[in-house]
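> Have a look at this one before I ask anything.
The values are calculated or read from the model by the stated rules, or taken from the named source; none is laboratory data. Given the structure is predicted, the values throughout are model-derived calculations rather than measurements. A quick note on method: Cβ atoms are made from the backbone with ideal geometry, for glycine too, and the neighbour counts reach across all protein chains shown. Calculation scope for accessible area: heavy atoms of the full protein, side chains included, ligands and nucleic acids excluded. Shrake-Rupley method; radii C 1.70, N 1.55, O 1.52, S 1.80 Å.
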Amino acid sequence: MSVTCPPQGRRIVALVSTCNRQQLLLSRALPSINIQSSPCDHVVLIDDGDQRVDRAQIEHFSSECDLPISLLTNRRTKGASGAWNTGIDHLARNCLDPSLVYVALLDDDDAWHSSHLALIESAIDKGADVIATGFRRLVDTEPGEVLMPPQELRPADFLVGNPGIQPTSLVVRLDRLQEPGGFDEALYSCTDRYLCILLARLPGIHYQALNQITADH
């Protein structure tokens, strides 16, 4: 797979980690990418499970939906952080200009609303390189609380709790994602919060909060 970008263009790539939940992946996460009003350019799917994803089913979905999907196996530390970093490594090797690639994270049991990437595109047009949207937290398929992203990306806000960002509602430009080294695989949990702390400390970071609910977590 190559996500080589033309000099005048950009790419939005969905980075999806999956672990032994192929049914949810095929019924929830991937269909939510396919229904986007602003199409996703590519999907990088990283298998982190013991029960391997059925490649034939993924290829069938890709063909039926005309959605390019690259299926990888986690080659780093087991867990979401290692899986996402495997995908980041893959993108870095295959993209000539990482400043033109925007990485949209998604878990296999989560889903984007159809407007998610269109709203992300509008924020990118305004120069944002880190974007967060609102999301609904579902418990046993019943809607729970609605969380909106913080209006500023401040390290202190992530030290005492999560101010309203989940990976599924987060998009980061690839070169900015590479600067802190991606996700910290030494942490058992809260790796998304730690990444936000590192991103907030980067010089010249342009963060934009979108106060629309565009994802289900």
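> Which whole-number percent gives the relative contact order of segment 134-215, counting Cα pairs below 8 Å spaced six or more residues apart?
Working: 96 pairs, mean separation 34.4, N = 82.
It comes to 42 percent, rounded to a whole number.
> Continuing with this model, one more query. Give me the distance in nm between label points sitting 7 Å out from Cα along the Cα-to-Cβ direction at S37 and E59, one decimal.
Simple spin-label model gives 3.6 nm for this pair.
> Cα-based Rg (one decimal) and Dmax (whole number) for segment 173-217, in Å?
Rg then Dmax for segment 173-217, in Å: 12.2, 33.
> Determine one quarter of the surface area of the Cα convex hull of the chain, which equals its mean projected area, and express it in nm² to one decimal.
Projected area, direction-averaged: 11.3 nm².
> How far is it, in nm, from the label point at I205 to the one at C190 when both lie 7 Å from their Cα along the line to the Cβ?
1.6 nm
> Can you check what the net charge comes to around V160, using other residues whose Cβ is under 14 Å from the Cβ of V160 (Lys, Arg +1; Asp, Glu -1)?
+1
> Which is the longest part of the chain that has none of the trypsin sites (Lys or Arg not before Pro) sitting in a DSSP loop with at most 16 other Cβ atoms within 10 Å?
127-200
> Next question. Got the relative contact order for the chain handy, in percent, Cα pairs under 8 Å and 6 or more residues apart? Let's see the in-between values first.
Details: 446 pairs, mean separation 54.0, N = 217.
Answer for the chain is 25 percent.
> For segment 20-96, what is the relative contact order in percent, using Cα pairs closer than 8 Å and at least 6 residues apart in sequence?
Relative contact order of segment 20-96: 29 percent.
> Determine the per residue accessible area of the chain with all protein chains present and a 1.4 angstrom probe, expressed in square angstrom.
45 Å²
> Compute the convex hull volume of the Cα atoms of segment 18-68, divide it by the residue count, and report the result per residue in Å³ as a whole number.
66 Å³
> So, one more: Compare G134, G182, G144 in a GNM of the chain, Cα atoms joined below 10 Å, and give the one with the largest fluctuation.
Among G134, G182, G144, the largest GNM mean-square fluctuation belongs to G144.
> Using only the alpha carbons, work out the radius of gyration and Dmax of segment 128-205 in angstrom.
Here Rg and the maximum Cα pair distance are 12.9, 40 Å.
> Give me the percent of accessible area attributable to carbon and sulfur for the chain, probe 1.4 angstrom.
Values: 4660 of 9740 Å².
Ligands and nucleic acids excluded, carbon and sulfur give 48 percent.
> Which FRET efficiency value, to the nearest 0.05, do you get for K126 and L96 by plugging their Cβ-Cβ distance into 1/(1 + (r/R0)^6) with R0 = 22 Å?
Efficiency, from the Cβ-Cβ distance: 0.35.
> Measuring from the lowest to the highest alpha carbon on each principal axis, how far does segment 87-148 reach, largest first, in angstroms?
The Cα atoms of segment 87-148 stretch 43, 27, 17 Å along the principal axes, largest first.
> Let me ask you something else. What is the distance, in nm, between label points placed 7 Å from the Cα along the Cα-to-Cβ direction at V160 and at D66?
Going from the V160 label point to the D66 one covers 5.2 nm.
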